[in-house]
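Everything on this sheet refers to the single structure shown next.
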There are 2 protein chains.
Amino acid sequence: MTNTLDRILKEIKPLDTKATAAARQRQDNLTKPRGSLGRLEELSIQLAGITGQMLPSLEHKAIVTMAADHGVVAEGVTLYPQEVTRQMVFNFLGGGAAINVLAKHIGARVIVVDMGVVGGFESLPGLVCKMIDFGTKNMAQEPAMTRQQAIDALQAGIGIVSSEKNNGLNIIGTGDMGLGNTTASSAIFAAISGYSPSQTTGHGTGIDDRQLAHKVKVIEKALATNQPNPKDPIDVLSKVGGFEIGGLAGVMLAGAAHKIPVVIDGFVSGAAALIATAICPQTRDYLIASHVSAEAGHALMLNFLELKPLLNLNMRLGEGTGAALGISLAEAAVKLLSHMATFNEAGVSDIETPEEKGA
Amino acid sequence: MTNTLDRILKEIKPLDTKATAAARQRQDNLTKPRGSLGRLEELSIQLAGITGQMLPSLEHKAIVTMAADHGVVAEGVTLYPQEVTRQMVFNFLGGGAAINVLAKHIGARVIVVDMGVVGGFESLPGLVCKMIDFGTKNMAQEPAMTRQQAIDALQAGIGIVSSEKNNGLNIIGTGDMGLGNTTASSAIFAAISGYSPSQTTGHGTGIDDRQLAHKVKVIEKALATNQPNPKDPIDVLSKVGGFEIGGLAGVMLAGAAHKIPVVIDGFVSGAAALIATAICPQTRDYLIASHVSAEAGHALMLNFLELKPLLNLNMRLGEGTGAALGISLAEAAVKLLSHMATFNEAGVSDIETPEEKGA
């Protein structure tokens, strides 16, 4: 069953060049030296192209934070116990996590999704259940999930965007929670890019150099055991991925199909972007890289994705925290485009129209 | 008359180390891997030290945007006509400039100050008059201002902070508007640092390489003509500075004295920071560098100031636009510090307290 996925892929089109041209022309008439707002100008033009509107509105903002567990933690690749994934879901629902604070700061809602946390949850207010299984299998021993589970994860992400559209959704941030998911992300990056695990792997939540060497070995073993096909991103996702990574890739594909900009967070969201853009390269134009994280390999990953991050604040938390800050910059960019006065409106002299001087 | 200045300098003290220690300890107990919020953690700790409060509030935010003209425009160092300074003041008051849009985005008020615009203004609602003179003299021919005018400019900035404190003022952003003020700023940087004008000078609002070479020559001439004393920052300000630059330096000194963080904007605010920190080096700890601008020399200037910018978005507009974005990050940082749950509060397992597992 890939009907939902196939249908969404057919809806992903190039950016609207009429809207980008109109936004660019308006930027050049606003009361500032041309280009002086730098990346905020470029961002506003991209957002016009994504939405198909010269003056996009980003009123309705949401962070989709997906949680899942990873069987590979059995190999000892993380510092924190696996139960932290589940505990943090309760923290998200209680409003005490970093992403809750930052989402409130930027006026976004947080959509907390269980993609497959060990132990599962009773039905809880505010928790969206898209559980695929109680965590993935240990990829160092066997495939993390079946191919059908990988497709189900992608389609779960697509489903979230479809249903959340009804609540108003002008921009999406992606976020993750899952002990062991930087290990899966490094494996995905190595499988798709051809870089070695030593190049794609970092210290995650804070392991030391000895533990890092072990983590690299585990990833090498996972790749050797499963032989993911780099030309088949769904195969890569199933062999060495995670449920939340598949779900976030689905969110990105659906965002592109529905002309909704997707601001991606750090290393794990980047791995999801590798899957999404490998499935459909056009998706890349709908993505905005919020930040480059402190995780080794993330700068290389963004370079491979051909995405330029907006922020570099040495963050490495996930949850969507970087994405929240990026959404605020995106909103600033479109407000500048929409609400600044033009030279004519403000009676300000421009360099190229000396005959209008003295207004 | 330097009474106000002398008095404010006596009030500038080191950061509150009890508050920084308390904030650091709290950061280490919040539900995230230690250090994973990167520069936002450091920023929250600095803000605790500035305000003397473990949990600072940044509810009341203001951008002080100071406008003034520069006699050196007679040398042909800018692209836009001088009247743009005055026109942009009307644009600020009308709410159509970039700083108005960004200040509204972050919930800050804009305080527009006439420090000495050619032509002057009738009394206008919303305009603070601190006019020193109708623009500076042409520094390529003579000192930009008298020593007394330089002191008056500094004291005008101090006065703004004193009176605005009554309206609530928890954080200040600095902004500038003034045709020719990157020329003055480059001259100040060269005079104080000893770097050559070719190292400190950039394209401003968009001049080409031939015009840049001319601008460098004008600055070399201004320095040769006036021989500013690098050990005497008020002498530097008077010989090659500007009224808005002096005013902003006064704002920084007053911020430090009143324990109010000052988020500095780009190249021109950086020149004001050079003056303020040369007058009182302790001021530096109260400053937050919002961004590194596209202006050549700004990265070098921040390095000389020993300030590390939060953002790098290729902006080069001034007005306080970068400062506004920096204030939003500062507010995010203190909200995280104040509102995130601790491990204990949320029942989340920490790495160093395994006995608390399974909460």
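Here is how the numbers come out for the structure above:
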{"item": "Selection of trypsin sites (Lys or Arg not before Pro), the stretch A:216-314, meeting DSSP coil and at most 10 other Cβ within 10 Å", "result": "A:K231"}
{"item": "Nearest-first distances (nm) between copies at B:S123, label 7 Å from Cα via Cβ", "result": "6.8"}
{"item": "Nm distances between copies for B:R109, ranked from closest, using label points 7 Å along Cα→Cβ", "result": "3.4"}
{"item": "Heavy-atom accessible area, 1.4 Å probe, ligands and nucleic acids excluded: residues of the stretch A:78-113 down by at least 50 Å² from chain alone", "result": "A:Y80, A:Q87, A:V101, A:H105"}
{"item": "Alpha-carbon Debye profile of the protein assembly as shown, log10 I(q)/I(0) at 0.08 Å⁻¹", "result": "-0.64"}
{"item": "Amide H contacts under 5 Å for B:I288, placed H, 5+ residues apart", "result": "B:V262, B:V263, B:I264"}
{"item": "Lysine-lysine proximity count for the stretch B:61-331, Cα under 23 Å, sequence distance 8 or more or distinct chains", "result": "20"}
{"item": "Distance between modelled label sites at B:K13 and B:S338, nm, 7 Å Cα→Cβ extension", "result": "2.2 nm"}
{"item": "Sequence-separation-based contact order of chain A, relative, with Cα cut under 8 Å and 6+ spacing, percent", "result": "24 percent"}
{"item": "Nearest-first distances (nm) between copies at B:T146, label 7 Å from Cα via Cβ", "result": "8.9"}
{"item": "Exposed chymotrypsin sites (Phe, Trp or Tyr not before Pro) absent - longest run of chain B, DSSP non-H/G/I/E/B, at most 15 other C-beta within 10 Å", "result": "B:135-359"}
{"item": "Residue range of chain B that is longest and free of GluC sites (Glu not before Pro) which are both DSSP loop and sparsely packed (at most 14 other C-beta within 10 Å)", "result": "B:123-305"}
{"item": "With DNA, RNA and ligands ignored, accessible area of B:K13 (1.4 Å probe; Å², nearest 10)", "result": "100 Å²"}
{"item": "DSSP-defined beta bridges in the protein assembly as shown - what % are antiparallel, rounded to 5", "result": "5 percent"}
{"item": "GNM flexibility winner over chain B from B:V112, B:V240, B:V348 (Cα, springs under 10 Å)", "result": "B:V348"}
{"item": "Solvent-accessible area, 1.4 Å probe, carbon plus sulfur percent, for the protein assembly as shown", "result": "49 percent"}
{"item": "From phi via Karplus (6.51, -1.76, 1.60), per-residue ³J(HN,Hα) for the stretch A:3-8 in Hz, x at Gly/Pro", "result": "4, 4, 4, 4, 5, 5"}
{"item": "Debye log10 I(q)/I(0) for chain B, one point scatterer per Cα, at q = 0.08, 0.09, 0.11, 0.12 Å⁻¹", "result": "-0.38, -0.47, -0.68, -0.79"}
{"item": "Residue among A:T20, A:T342, A:T146 with the largest mean-square fluctuation in a Gaussian network model of chain A, springs linking Cα atoms under 10 Å", "result": "A:T342"}
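The values are calculated or read from the model by the stated rules, or taken from the named source; none is laboratory data. All figures in this text were calculated on a predicted structure; none of them were measured in a lab. Don't worry about glycine lacking a Cβ; one is built from the backbone with ideal geometry, like all the others, and counts go over all protein chains shown. Heavy atoms of the whole protein, side chains included, go into the accessibility calculation; ligands, DNA and RNA do not. Shrake-Rupley method; radii C 1.70, N 1.55, O 1.52, S 1.80 Å.
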